[in-house]
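Worksheet: one structure, shown below.
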Amino acid sequence: MSRYDSSHPITQPDHQARKRFGQNFLHDPHIIRKIVEAIGAKPGQHLLEIGPGQGALTIPLVNSGARIDVVELDRDLAAWLVNHFADCERFTLHPGDVLKFDPHTLTQQERSLRVIGNLPYNISTPCLFHLLESEALIDDMTFMLQKEVVQRLAATPEDEAYGRLSVMVQYFCEVHHLFDVPPGAFKPAPKVTSAIVRLRPHRHLEHKADDTDLLRDLVRTAFSQRRKTLRNCIKPLISEFDPAQLPVDLNLRPENLGVADYVRLSNAIGVLRADISVPTQE
Ligand code: SAM
């Protein structure tokens, strides 16, 4: 008989949660079921799980018949997972840091990966930006994050939570705040409420940035002083141009502009920069 037998009760590893790895393990069966249902994995799908930990989500996801690659930094948990899934050919462990993991090592096929994870809170934002570098491979992402981070991801102009994270993530993805998860669903319980978010990379970009690095730079610079006017916030990026050449009102504040406005502004800056770098012909 296979050592991986889903009908057997789960034996958790004898493991002390490590704060430095953001370890808050899910233990509420009702919440685990709700998350697994929200993911809705199907046989033949290809999942990538970040931080499987003690397998709270991994085990039901493997049982869905999907293929699952997991990235786990904690060596003790990685050893336990390898042993637990020793005879399951749909499971592959990649020990190490997700921020150094390249999803292109799993597939080259566009929109083929479903990414999931109860993300370690200490690296959730860098992890999102890292995965967005491979967005063309990704079908969707379902994450547990601090509720406050999910509110920032989903915020629209004028919301207090609206900022760099909202603009950059919404540039790449549709954002859906699915449901909240109380602290008691985890061991140890975190101090704050969490939430499940679904990110679905846009299949078609209505407002495409000519240069995503410039867009990133613009948005970061704009929100570095969100209470000032755009004219002041982004001065270092536009000092060489006549502001009248820019397609947005620079008296607005960074929080007043939508994603499409930032794309228009970044594209216009790119064009103006190119113009001044071309030597004029006599
Ligand atoms: N998925 C499990 C659950 O829901 O109970 C564990 C979630 S726990 C919040 C986060 C997991 O991510 C831990 O297993 C932790 O060891 C792992 N982790 C932390 N930092 C990581 C990193 N940089 N790369 C990969 N995994 C990491």
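The values are calculated or read from the model by the stated rules, or taken from the named source; none is laboratory data. Computed from a predicted model, the values in this text were never measured in an experiment. In case anyone asks, the SASA skips ligands and DNA or RNA and just uses the protein heavy atoms, side chains included. Shrake-Rupley method; radii C 1.70, N 1.55, O 1.52, S 1.80 Å.
Quick notes
- Remark on residue 181: its backbone amide H falls under 5 Å from those of 194, 195, 196, a criterion applied only to residues 5 or more positions apart or on other chains, H modelled at 1.01 Å from N.
- Under 5 Å from the amide H of residue 115 lie the amide H atoms of 48, 139, 140, 141, 142, each residue being 5 or more positions distant or on a separate chain, with H modelled from the backbone and absent for Pro and chain starts.
- Within the same chain, lysines fewer than 8 places from residue 42 are excluded, and of the rest, those with a Cα less than 27 Å from its Cα are 34.
- The order of 34, 191 by accessible area, most exposed first and with a 1.4 Å probe, is 191, 34.
- 16 Å Cα-Cα reach of residue 191 towards lysines, excluding residues that sit fewer than 8 places from it in its own chain: 19, 147
- Rounded percent of accessible protein surface that carbon and sulfur make up, the chain, 1.4 Å probe: 49 percent
- Rounded to whole numbers, the Karplus 3J(HN,Hα) couplings from phi for the range 79-96 are 5, 5, 5, 4, 5, 4, 9, 3, 9, 9, 6, 7, 10, 9, 9, 10, x, x Hz, using 6.51 cos²θ - 1.76 cosθ + 1.60 with θ = phi - 60°, and x at Gly and Pro.
- For residue 67, the solvent-accessible surface with a 1.4 Å probe is about 110 Å², rounded to the nearest 10.
- Across the range 19-201, Cα pairs under 8 Å and at least six residues apart give a relative contact order of 22 percent.
- Sequence-distant residues sharing a close amide H with residue 25 (under 5 Å, placed H): 187
- Alpha-carbon Debye profile of the range 108-164, log10 I(q)/I(0) at 0.19 Å⁻¹: -0.75
- Compared with the rule-of-thumb size 2.2 N^0.38 Å for a compact globular protein, the range 19-201 has a Cα radius of gyration ratio of 0.97.
- Quotient of Cα Rg and 2.2 N^0.38 Å for the range 14-115, N being how many residues it contains: 1.05
- Counting heavy atoms of the protein chains alone, residue 216 has an accessible area of about 70 Å² for a 1.4 Å probe.
- The alpha-carbon of residue 208 sits under 16 angstrom from the alpha-carbon of none of the lysines, leaving out residues fewer than 8 places away in its chain.
- Heavy atoms of residue 123: accessible area, 1.4 Å probe, square angstrom to 10: 40 Å²
- The Kirkwood radius of the range 212-276, taken over pairs of alpha-carbon atoms, gives through the Stokes-Einstein law at 25 °C and 0.890 mPa s a diffusion coefficient of 212 µm² s⁻¹.
- Mean accessible surface per residue for the chain, computed with a 1.4 Å probe while every protein chain stays in place, in Å²: 51 Å²
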